[in-house]
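Some notes on the structure that comes next.
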Amino acid sequence: MEKIIKNLEKYYKKLSKDDYLGGKILSIQRFNEVLLRLQIRKDEVTNSEKKLCKWEEREESLEELQTIFINKTESFHQQIYAIISTFSMLLNYVTSNDFKKGMPIKSNKKFLIFLSNKYKKLENDIRTLELSRSFGTKFDHIQQNPLFDWLTESLEERCTIVFF
């Protein structure tokens, strides 16, 4: 993530007032903001998982810890969705017309397919983003998905969290 931010900063410094009016600067700024929030969400979900997995040392009840973990997990995947949306907006503003020919910007799923076809070397990374996007829809589009539940189990120094 730091590498992305450094590259954006280099690009940002080369822009002019006209780029601001054209949306390039604002799109870079917005993308940087959602990247920083993603780091916050990652830290939150990691910390809530650690607390949940050490539930015997808890101050909160197991049910409270599970609820916090579910909330943080949902927020993390929603932030991934925001990253994908903001990245498509960024590319729409800063890339050439040749690059964005056929690039969908109204569907994150289609946008990821577009990127996967364009950058075969990133196929595994893009697949991971697609899994996160798909997982996030379980929260955002409840009516379109089967019902689900969570299970938390601690056995011999191991914590298992199952979403089913």
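The values are calculated or read from the model by the stated rules, or taken from the named source; none is laboratory data. Computed from a predicted structure; not experimentally measured. Glycine also receives a Cβ, built like all others from the backbone with ideal geometry; neighbour counts cover every protein chain displayed.
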Could you please find all residues in the range 28-62 being small (Gly, Ala, Ser) and surrounded by 12 or more Cβ atoms within 10 Å (Cβ to Cβ)? Ser48
For the range 87-123, which residues satisfy the criterion of being farther than 16 Å from Ser134 by Cα, without any contact (Cβ under 8 Å) to a residue 40 or more places away in the chain and touching a Lys or Arg at 6+ places or on another chain (Cβ under 7 Å)? Leu91, Pro104
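Yes/no matrix, rows are residues, columns are (1) at pLDDT 85 or above; (2) at negative phi; (3) within 23 Å of the chain's Cα centre (by Cα):
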position: Asn7; (1), (2), (3): no, yes, yes
position: Lys10; (1), (2), (3): no, yes, no
position: Leu15; (1), (2), (3): no, yes, no
position: Phe31; (1), (2), (3): yes, yes, yes
position: Ile40; (1), (2), (3): yes, yes, yes
position: Ser48; (1), (2), (3): yes, yes, yes
How many residues are touching an Asp or Glu at 6+ places or on another chain (Cβ under 8 Å) and under 25 Å from Leu112 (Cβ atoms) when one looks only at the range 50-80? 4
